[in-house]
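The values are calculated or read from the model by the stated rules, or taken from the named source; none is laboratory data. All values derive from a computational prediction rather than experimental measurement. Glycine gets a Cβ as well: all are built from the backbone with ideal geometry, and neighbour counts include every protein chain shown.
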Amino acid sequence: MFSTRTLATTLAAAALALSLAACSGSAAGGTPAAGAVDAATATSLTAFGDLTALEDAAQAEGALNVIALPRDWANYGAVLDAFAKKYPGIAITEASPDGSSAEEIQAADNLKGQDTAPDVFDLGLAVALSSTDRFAPYQVATWADIPDALKEASGLYTGDYGGYMAVGYDPDVVPAPKKLDDLLGSQYKGKVAINGDPTQAGAAFAAVGMAAVQNGGTVDDFQPGVDFFAKLNTAGNFVKIDPTPATIASGETPVVLDWDYLNVGYGTKLKGERNWKVVVFPGTGYAGYYNQAVSKDAPHPAAARLWQEFLYSDEGQNLWLAGGARPVRAEAMAEAGTIDSALFDALPAAPAETVVPTEDQSATGAALLGEKWAAAVR
């Protein structure tokens with residue numbers, strides 16, 4: 001069975017190399033006087049006094065703007081619906097559901113000062129690390145349950161759900177791949193896709209990283225990953241279509257390199273329509289968590305913080321698990337008996353060795369892809 005602590009330990013080693021903001025980790029304390037709360041500067045629930053007070057403040061705002069949250073991504077549809085049901089007085093606006101992490105930040109910059117600006121972000125690590133000046137520090141009530149390696153010390157951004165890069169495939173269309181190089185074979189011609197542009201999207205960036213470490217490279221050197229996709233493209237096997245359940249159902253993308261939880265989600269959505277299997281290749285696994293952050297310019301700052309509290313609650317964390325993702329509080333919840341153990345035990349097996357890039361390694365990989373990706377797959 002997968003252990004979140006195993007992945008967190010690996011990430012902790014990586015985190016030693018991160019240049020995190022040197023902000024105090026202490027949250028604002030004490031119960032504020034009635035009406036004295038400035039939600040935009042609140043760094044924890046104690047700034048409001050308790051959850052009920054935060055709920056009241058958020059419902060008084062009456063709105064929450066989210067961005068780039070596909071409903072079929074890690075069970076986000078159920079997450080959004082559960083929040084809306086719990087807080088019917090808060091109208092959720094879901095902008096650009098298929099947007100990338102980079103496009104989230106661009107939207108925040110373009111819409112700054114407007115009521116339609118994003119209140120919160122869901123970001124890959126590379127974009128989170130380069131965008132901390134857009135975030136407001138906030139530590140959720142369950143902060144102590146989150147491994148130190150998966151959170152910025154002041155709460156500027158916090159890991160929430162994650163997994164391993166995996167290959168999803170339709171066994172009725174292609175043979176089961178046992179290693180990455182199998183995808184170079186003629187039986188996969190015009191059939192292999194990744195989730196977006198790796199110079200913009202975190203999942204696609206990770207696909208190249210996985211290809212690198214599976215082909216003799218390391219997180220310090222993504223070149224073998226670029227070389228693999230160049231070969232895949234030359235063979236005619238790489239298709240430049242962003243995979244969705246619709247493209248899988250139509251047969252356009254019968255092989256998809258993506259996070260294991262997204263591939264599991266594709267299979268769940270297409271049950272009875274398409275067979276879909278998921279494999280995390282043996283050898284070195286490439287792992288990562290997506291991160292939550294509150295916009296410092298959030299037009300609805302109390303609702304933004306209530307959204308964070310919900311995502312890191314037992315209810316929110318189990319909803320990630322229902323989507324096949326590995327919730328960041330899994331170990332603490334397992335110890336407390338609040339995790340859905342059946343879902344936890346059903347996660348795909350993890351490889352023996354796991355890697356994740358540090359800030360510097362991500363920046364180096366991104367620079368390499370910016371320079372060489374387009375030419376490699378043109």
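Does Pro198 fit the bill of being outside the structural domain of Pro327 (by TED's automatic domain parsing), surrounded by 18 or more Cβ atoms within 10 Å (Cβ to Cβ) and out of contact with any strand residue (DSSP E or B) (no Cβ under 9 Å at 6 or more places or on another chain)? So Pro198 fits the description; yes.
Just one of the numbered conditions (1) in contact (Cβ under 8 Å) with a residue 24 or more places away in the chain; (2) within 21 Å of Ala363 (Cβ to Cβ); (3) more than 17 Å from the chain's Cα centre (by Cα) is not true of Asp122: (3). Close Cβ contacts (under 8 Å, 6 or more residues apart or on different chains) running from residues in segment 341-357 that are surrounded by 13 or more Cβ atoms within 10 Å (Cβ to Cβ) and modelled with pLDDT of 85 or more to residues that are in a loop (DSSP other than H, G, I, E, B) and of a type in the set (S, T, N, Q) are absent. Would you check if Ala366 is in a helix (DSSP H, G or I), more than 22 Å from Thr284 (Cα to Cα) and of a type outside the set (Asp, Glu)? Against the criterion (in a helix (DSSP H, G or I), more than 22 Å from Thr284 (Cα to Cα) and of a type outside the set (Asp, Glu)), Ala366 does not qualify.
Determine which member of the set Lys277, Lys296 is closer than 18 Å to Ala74 by Cα, over 17 Å from the mean Cα position of the chain (by Cα) and either among the charged types (D, E, K, R) or modelled with pLDDT under 95 (or both).
The unique qualifying residue is Lys277.
Scan segment 179-221 for residues that are free of Cβ contacts under 8 Å to residues at least 60 places away in the same chain and assigned to a loop (DSSP other than H, G, I, E, B) and the total you get is 6.
Evaluating Ile339 against the criteria (1) over 29 Å from Pro198 (Cβ atoms); (2) β-branched (Val, Ile, Thr); (3) outside any loop (DSSP other than H, G, I, E, B) leaves one unmet condition, (3). Of all residues in segment 101-145, those being buried (at least 23 other Cβ atoms within 10 Å of the Cβ) and either hydroxyl-bearing (Ser, Thr, Tyr) or farther than 17 Å from Ile67 by Cβ (or both) number 6. Looking at segment 37-149, the helices (runs of 4 or more DSSP H) lying wholly inside it that each contain 2 or more residues that are over 22 Å from Pro243 (Cα atoms), outside the structural domain of Asp258 (by TED's automatic domain parsing) and touching a Pro at 6+ places or on another chain (Cβ under 7 Å) sit at 101-110.
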